[in-house]
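What follows is a short report on a single structure.
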């Protein structure tokens, strides 16, 4: 397969090009930001427009609709979510998805990051005396805020980064809630996680199948089992990583290089 396209459409309205473009430039990809396309139609963090699907489905739909709107053929979109960590109990996480598609070459790649480093917080008028601590803890004013009137269940203002404006709202409403703005351009910690997802995309774009040169020749499955270092019985931990091509289905099995045996805590015989 010939080299990847040098110009790609970014389907975003929240200035994600500031994060993504400098990283993609390093591999020769120039981003063009979509014009006159409201990505909020796919859902908003503040809740005015609910997201009907999960982030992986949404990011693909956003990208395809953006390409149809612009008439272009190659695009990237980004979508994030906040919620319970899929593995670690009682821990909140930020999952960021990037989606790349080349309609003509039929290249379709998902990349993502999963991080427990998040700024997702809120405070209500019942805790008014703690507002200063809340602002300091969450990095205000770099971190934007959303102000809600709970009596009307209404968003009064988003993207607040001015202290005087914030305290004016606090004085005007008696039953309020202030939340960290989760949109990318107003959430510095989320920006770091989008950068991590972009690095994953770069890795996938640069990893070519040794048989057909299709990108995203990456780990798709795991096989085998590591033996317990105490008793020698097989554990639930995998021994091999299976790299596979989405285009020609070529695959190779590679032994993991980080460990040869597994800790007894993961052995059903030593630690039933």
Conditions (1) under 20 Å from residue 183 (Cα atoms); (2) touching a helix residue (DSSP H, G or I) at 6+ places or on another chain (Cβ under 9 Å): number failed by residue 29: (1)
Residue check, residue 225 assigned to a helix (DSSP H, G or I) and touching a strand residue (DSSP E or B) at 6+ places or on another chain (Cβ under 9 Å): no
Qualifying residue in segment 17-29 (condition: under 28 Å from residue 153 (Cα atoms), assigned by TED's automatic domain parsing to the domain that holds residue 112 and not in a helix (DSSP H, G or I)): no
Strands (runs of 3 or more DSSP E) wholly inside segment 31-132 containing at least 1 residues that are surrounded by fewer than 13 Cβ atoms within 10 Å (Cβ to Cβ) and free of Cβ contacts under 8 Å to residues at least 12 places away in the same chain: 74-84
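The values are calculated or read from the model by the stated rules, or taken from the named source; none is laboratory data. Small disclaimer: the values here were computed from a predicted structure and weren't measured. Because the Cβ atoms are built from the backbone with ideal geometry, glycine has one as well, and the counts that use them run over all protein chains shown.
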